[in-house]
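The values are calculated or read from the model by the stated rules, or taken from the named source; none is laboratory data. Note that this is a predicted model, so its numbers are computed, not measured. Neighbour counts are summed over all protein chains in view; Cβ atoms, including those assigned to glycine, are modelled from backbone coordinates with ideal geometry. Side chains included, ligands, DNA and RNA excluded: accessible areas come from the protein's heavy atoms. Shrake-Rupley method; radii C 1.70, N 1.55, O 1.52, S 1.80 Å.
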Amino acid sequence: MAAMMQPQIILLKEGTDTSQGKAQLISNINACTGIADVVRTTLGPRGMDKLIHDDKGNTTISNDGATIMKLLDIIHPASKILVDIARSQDSEVGDGTTTVVLLAGEFLKEAKPFIEDGVHPQNLIRSYRNASQLAIQKVKDLAISIEGKSLEEKKSLLGKCAATTLSSKLIGGEKEFFAQMVVDAVLAVGVDDRLSMIGIKKVPGGNMRDSFLVNGVAFKKTFSYAGFEQQPKKFLSPKILLLNIELELKSEKENAEIRLSDPSQYQSIVDAEWNIIYDKLDKCVQTGAKIVLSRLAIGDLATQYFADRDIFCAGRVAEEDLQRVAAATGGTVQTSVNNIIDEVLGTCEIFEEKQVGNERFNIFSGCPSGHTATIVLRGGADQFIEEAERSLHDAIMIVRRAVKNSTVVAGGGAIDMEISRHLRQHARTIAGKSQLFINSYAKALEVIPRQLCDNAGFDATDVLNKLRQKHALPSGEGANYGVDINTGGITDSFANFVWEPAVVKINAINAASEAACLVLSVDETVKNPKSESAQGDAAAMGGRGRGAGGRGRGMRRR
């Protein structure tokens, strides 16, 4: 009786939603597999695109897993983990964002029946971690190095990696054309690893094949004043002066007040202003520079002054473009025109202004430092060019990674099938429940080739059976066999140059396994009621405040 009389202990605020135990874990797994189903169809060369329309009315058509995950406004707390791993995969290696989400979703899907049967999540987590280490080791064993080859061979090998990445994108039809462009851009940048050194400029109109690569810097013609058309538009080996100052008459920032006793003194003040700007312009001309670029405005007076002296100038150049010009030409951005020495001036072989579509571009090519490149993209619709830019970003990241970590593995689901076979064999040597768990992990890896078949409209069961038979050959000759997207059969992916850097696979398996283990390790979800009813509270507070104010005014009148 005494036990029944004990008061109930309230720990959490009223209205807090706590769900725990098996049911909430199953709910989290279902949410994650739901997210994986969204991007499932975008995998591979025959993957479909998603059209996402946001609340601001912007429309995005994309095939890139990270872009889709970012644009989906996901509110489920467990599903956000998948968004994070897609983002980290994108920033770390650039490609494989759909793969990583699919793998994480599949690992959880395979774990679900065990959870329902009452297996403790920690047992699953231990086996999954073990399996992921074995899988990563197997990728490293199977990886083939492309180090030590001649430049031409290396170019062609990197081109294969870029083409594999681009084959699943919207611009897959022109993958050879763009793959070569990407490889040239990355090799032009060289050891300097800053991604900002490769610029991508978008010009609507024309054909995809009208896109071109500038071994140097190209940027859109900036806003210009009268006198601009009188300036020369082409130079050979010019000196380039880069500034971060305004070359125009400036009004005083503060409300300066000058009192004059004699009207004739007024003219001397006006003259002083003109002398200051003429002095600046003179100093620019004396440096011997033929091109003057500034991040801030170059006014109409300065434009005409430079035009009279056959000097080209451009003001309001974007910060990143100016930095890239500085890196390419060997110049340094100056914040003053006093004491400019030759060492701070840049140079390039050819500077010209060129018409591209409806836009004019200033193009610096043949730069001595050469640590920069610009890709000018053409295409019909704006959305198409946006997607082409995202695709090229992925390809650029992949080639950069392949240059640094020069090991590649066979794509097209070949590596996944081989790891799956390796793990199944390993599972047979283990006694106990973890044999089942590692087997389920191995089965989950088969989602990649299966999805490649589904997206291309082939019979996935038939293709997977052929692949399993090939990979099970004791001689190991079938290790590089993957899905043949063109015929619906199987083929040696490595011989057909379907390659991807090993680092992409390693990262994807690592991130997907971590995400799956993280979701499995959650045993209670607590939702704070405040965040849900914050608006309601604010409205109520507002009402109370107004009422109180009314009473206060009544008091004062008494």
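Quick look at the values:
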item	result
Of the trypsin sites (Lys or Arg not before Pro) in the range 231-326, those whose Cβ has at most 10 other Cβ within 10 Å and which sit in DSSP loop	K253, R259
Rotationally averaged projected area of the range 205-359 (alpha carbon convex hull; nm²)	11.5 nm²
Segment E176-D271, extension gain: residue separation times 0.36 nm, minus the distance between their alpha carbons	28.0 nm
Carbon/sulfur fraction of accessible area - the chain, other protein chains in place, 1.4 Å, %	50 percent
Net charge of Cβ neighbours under 15 Å - reference I341; Lys, Arg +1; Asp, Glu -1	0
Length added when fully stretched, H53-Q355, from 0.36 nm per residue minus Cα-Cα	105.4 nm
Cα-centred dipole magnitude for the chain, charges only on beta-carbon of K, R (+1) and D, E (-1), debye, nearest 20	1740 debye
Surface accessible to a 1.4 Å probe, per residue, for the residues of the range 203-350, Å²	54 Å²
Cα gyration tensor shape for the range 107-222, rounded if a/c is under 1.5, else prolate or oblate	prolate
Computed Rg/Rh of the range 66-110, alpha carbon atoms with Kirkwood Rh	0.96
Rg followed by Dmax, in Å, when the chain is reduced to its Cα trace	31.6, 107
Whole-number percent relative contact order across the range 50-180, with pairs defined as alpha carbons under 8 Å at least 6 apart	16 percent
Percent RCO, i.e. relative contact order, over the range 188-304, from Cα pairs under 8 Å lying at least 6 residues apart	42 percent
Label-point separation, N207 to T332 (7 Å along Cα→Cβ), nm	4.8 nm
